[in-house]
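Have a look at the structure below, then the notes.
The values are calculated or read from the model by the stated rules, or taken from the named source; none is laboratory data. Source: prediction; values computed, not measured. Glycine gets a Cβ as well: all are built from the backbone with ideal geometry, and neighbour counts include every protein chain shown.
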Amino acid sequence: MASFTHGNITIEVDEDGFMAQPEKWNNEVALALASTEGVTALSEDHWKLVNYLRDYYTKFGVAPMIRKLCKETGFPLKTVYDLFPSGPAKGACKVAGLPKPTGCV
Amino acid sequence: MADAVDMAIVDKGIDDSIGKLTPERIESVIRRVLDKESGARLQVYVETCVRCGLCAEACHTYLSRDKDPDYSPVAKVKATLWEMTRRNGRVDGPFLRNAARIAFTECGTCRRCSMYCPFGIDIAYLLSTVRRICALLGIVPQYMQDTTNAHSVASNQMWIQQDDWIDALMWQEEEACAELPGALIPLDKEGADVMYSVIAPEAKILAQLIGNMAILMKAAKVDWTMPSADGWDNSNMAMFSGDYEIMGRVERAHWERAVQLRVKRVVMGECGHAFRGAVYDGPKWLGWRGPPIPMVHAVEFYYELLSTGRLKIARKITEPVTLQDPCNIVRGRGLHDKLRYVVRALCEDFRDMDPRDEHNFCCAAGGGVINCGPPWKLSRLKSIRVKAEQLAATKAHTVITPCHNCHSGIEDIIGHYKLGMHTKFVNELLVKCIEMPGS
């Protein structure tokens, strides 16, 4: 378990950089996590993705299918990768404060 | 000495369960596996090994850990299964905690060591037997156990529901048709030449790989289908967690779906362990002579389509590429020459790794090691420095990885050792290179 500091906040993360305590997520934390993914600012489109992931995870306890993410946000897959270059699972989910998905990923 | 930092790693799936075990339960489970499940095979291996240590130089963890003898395959077996055998199952919690760490996180069951063993002892089988014991005792890394639970409940490793699965396929059909008109994904087509099956992460995260396959199937005029219901996920993490009862169920469901659709053969996506589960470990556990229908790995299928001219190459990838040999389809199936045929057909500047083919080093992610999740990531990366050195020496920009575990594992290596490369599946290169019909 490691932690990193961004501005005034310190976040505990696992070895993959995902939040150790997803319940402590807030907008400021999202910005800090984004900085670890090479995303320096979060645009309106970034927030649309992040908020959708966050809501889905809060309701169902898992990350949504990539299909759902694209359908509900209206973004084609390419846009998701443009916004989060490391992809929906390792990039967008991390910024939204989800734990690392289990499985062959 | 084994790395003290790694020995102190806390994993709920292991640590929380150990305290609940009684000495009687530990002994009875170990005796049951040693006497009833592994029997003669295990006995032969234990008695044949002359402790020569030739396996050590074959193992990426030993080489990457500065030749620390504790990381040689023989030492891993000695610290786990031999002691369990010698003490007749009378081992304690701290012993089991270390045994679980070794068996789940320091062996990818890649079987490179078996090739260098003068007797061909299947050392990976010995460490898998340790995992089996751990699974029956309920001490399995938490992240890995979650995938086994998902297999059990949802019939796939990522908790995907059937409607979501079908929705993902219909979406990818639309995407594929936008690239190549008529690139449909036929569901449940009885009697098709090919049933195509994938691992759940393709549907959940990397859906474009399914769309790519629809394009390739249309371009090569293949009569194919995908199943709409359980059995569509050909992956099997239970095989690696040691829960062989669930492993058997997963493999049976996959094959029953293929038989029900009366397809002539099953083609599977770019995954290594799924091939092993469907062709070897699954049928063996189920007491079958072999798979009921022929199973073809994607690499062999691409080879067939390219070498017979059903797919034609219109343009080649120009940037330098190298290639990872996935253990389960290279050491396990001998596909290295066909794989290189495909890569050379697609790429102008192919730089092979050294060593290569069946002698290539493991990605350190397979065998369920990457599935043990974030707690073990740094430990895994310390154990695979040799792969980083091997990759860097090629000076390639792209690493072709026809296996999901190799793909994610090498991505992690590239990030950790700052190699500045990226990984690709063959299917992603194929759709860029082939001649599209009508163009």
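How many residues, within region B:20-48, are touching a helix residue (DSSP H, G or I) at 6+ places or on another chain (Cβ under 7 Å) and either among the aliphatic types (A, V, I, L, M) or not in a helix (DSSP H, G or I) (or both)? Counting residues in region B:20-48 that are touching a helix residue (DSSP H, G or I) at 6+ places or on another chain (Cβ under 7 Å) and either among the aliphatic types (A, V, I, L, M) or not in a helix (DSSP H, G or I) (or both) gives 8. Filtering B:Ala365, B:Ala388 for residues that are aliphatic (A, V, I, L, M) and in a loop (DSSP other than H, G, I, E, B) leaves a single hit, B:Ala365. Looking at B:Cys406, is it assigned to a loop (DSSP other than H, G, I, E, B), buried (at least 24 other Cβ atoms within 10 Å of the Cβ) and not assigned by TED's automatic domain parsing to the domain that holds B:Asn234? Here the answer is no, as B:Cys406 does not meet what is asked.
Quick grid of which residues meet (1) closer than 27 Å to B:Gly409 by Cβ; (2) surrounded by 14 or more Cβ atoms within 10 Å (Cβ to Cβ):
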position	(1), (2)
A:Ala34	yes, yes
A:Thr40	no, no
A:Val50	no, yes
A:Lys59	no, no
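Once region B:372-417 is narrowed to residues that are among the acidic types (Asp, Glu) and within 14 Å of chain A (Cβ to nearest Cβ), the residue that is nearest to B:Ala298 (Cα to Cα) is B:Glu411.
Being surrounded by 15 or more Cβ atoms within 10 Å (Cβ to Cβ), within 19 Å of B:Pro375 (Cβ to Cβ) and not aliphatic (A, V, I, L, M) is a property that does not hold for A:Thr73. Taking region B:49-66, which residues are assigned to a helix (DSSP H, G or I) and without any contact (Cβ under 8 Å) to a residue 60 or more places away in the chain? Scanning region B:49-66 gives B:Ala56, B:Glu57, B:Ala58, B:Tyr62.
When every residue of region A:13-25 is checked against the conditions, at least one turns out to be more than 14 Å from chain B (Cβ to nearest Cβ) and exposed (fewer than 13 other Cβ atoms within 10 Å of the Cβ). Out of all the residues in region B:135-142, is one or more at negative phi, surrounded by fewer than 22 Cβ atoms within 10 Å (Cβ to Cβ) and within 12 Å of chain A (Cβ to nearest Cβ)? Looking through region B:135-142, at least one residue is at negative phi, surrounded by fewer than 22 Cβ atoms within 10 Å (Cβ to Cβ) and within 12 Å of chain A (Cβ to nearest Cβ). Within region A:76-88, the set of residues being facing chain B (nearest Cβ under 10 Å) and surrounded by fewer than 21 Cβ atoms within 10 Å (Cβ to Cβ) comprises A:Pro76, A:Leu77, A:Lys78, A:Tyr81, A:Ser86, A:Gly87.
Looking for something of a type in the set (Phe, Trp, Tyr) and within 14 Å of chain A (Cβ to nearest Cβ) - is there at least one such residue anywhere in region B:264-275? Scanning region B:264-275 turns up at least one residue that is of a type in the set (Phe, Trp, Tyr) and within 14 Å of chain A (Cβ to nearest Cβ). The residues on offer are B:Ile210, B:Ile199, B:Ile246, and the sole one that is without any contact (Cβ under 8 Å) to a residue 60 or more places away in the chain and either under 13 Å from B:Gly282 (Cα atoms) or not basic (Lys, Arg) (or both) is B:Ile210. The residues listed here are B:Leu127, B:Leu63, B:Leu42, B:Leu81; of these, the one that is at pLDDT below 95, among the hydrophobic types (A, V, I, L, M, F, W, C), within 24 Å of the chain's Cα centre (by Cα) and not assigned by TED's automatic domain parsing to the domain that holds B:Cys362 is B:Leu42. Residues that are part of a helix (DSSP H, G or I), crowded, with 24+ Cβ neighbours inside 10 Å and not basic (Lys, Arg) within region B:171-209 comprise B:Gln172, B:Ala176, B:Ala200, B:Pro201, B:Glu202, B:Ala203, listed in sequence order.
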